[in-house]
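One structure below.
The values are calculated or read from the model by the stated rules, or taken from the named source; none is laboratory data. Quantities reported herein were computed from a predicted structural model and do not represent experimental measurements. Positions of Cβ are backbone-derived with ideal geometry, glycine not excepted, and every protein chain shown enters the neighbour counts.
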Amino acid sequence: MAYKRDREERDSEFIDKLVHINRVAKVVKGGRRFAFAALVIVGDQKGRAGFGHGKAREVPEAIRKATEAAKRSLVRVPLREGRTLHHDVHGRHGAGKVFLRAAPPGTGVIAGGPMRAVFETLGMQDVVAKSLGTSNPYNMVRATFNALKRQDSPRSVAARRNIKVSTLQSRRREGDGGEPAAD
């Protein structure tokens with residue numbers, strides 16, 4: 001019984017947002033059979049989020065399946081100061097193309113429907129986003145996660161280049177982000 005209580009406490013740290021429900025009909029001899037597909041985004045508002053897709057004959061069951069799938073597909077996104085992106089980034093999936101820009105404090109979340117849900121569950125407070133391709137919520141969400149997976153923090157870049165974060169950031173302040181200016 002303790003296992004169930006621990007699982008409920010762990011699940012309570014996540015918030016979930018229902019993005020889209022699709023009703024599909026299968027025509028059979030007696031008429032139409034309806035089923036439902038749900039797209040849910042789950043996040044902890046501390047830089048982790050995931051999305052899931054669930055299908056069932058009833059709406060609540062489809063939402064439950066989608067939520068469980070989303071919890072299995074969580075990704076961690078590095079955030080600058082816990083509120084915005086480190087750099088601008090493009091993402092795409094199929095015909096879904098998105099462009100995400102870092103924003104100064106106080107900007108808020110400027111994004112359309114499905115992308116807004118992703119940013120809110122991530123805990124991002126300042127971001128400007130534009131969907132350039134399809135308006136299909138499934139492809140928009142996948143394109144947004146594609147862009148977020150390309151996000152790099154200065155710490156990971158410095159580790160990859162075997163230099164200190166302070167060296168990397170001092171180069172950034174000196175100009176175009178290239179080598180330090182020669183005297």
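When you look at residue 54, is it within 15 Å of the chain's Cα centre (by Cα), at pLDDT 90 or above and crowded, with 19+ Cβ neighbours inside 10 Å, yes or no?
no
Out of 144, 121, I need the residue that is of a type in the set (Ser, Thr, Tyr), under 17 Å from residue 83 (Cβ atoms) and not in a loop (DSSP other than H, G, I, E, B). Which one?
Answer to the selection: 121.
Looking at region 42-57, I want the residues that are on the phi > 0 side of the Ramachandran plot and have a partner that is of a type in the set (Asp, Glu) with Cβ atoms under 9 Å, at least 6 apart or on another chain. Which pairs are those?
Listed pairs, sorted by first residue: 45/13; 45/120.
For residue 148, only one of the following conditions fails: (1) surrounded by fewer than 18 Cβ atoms within 10 Å (Cβ to Cβ); (2) within 20 Å of residue 52 (Cα to Cα); (3) not acidic (Asp, Glu). What is its number?
So the condition that residue 148 fails would be (1).
Go through (1) in a helix (DSSP H, G or I); (2) modelled with pLDDT of 95 or more one by one and return the number of the condition residue 36 breaks.
All conditions pass for residue 36, except number (1).
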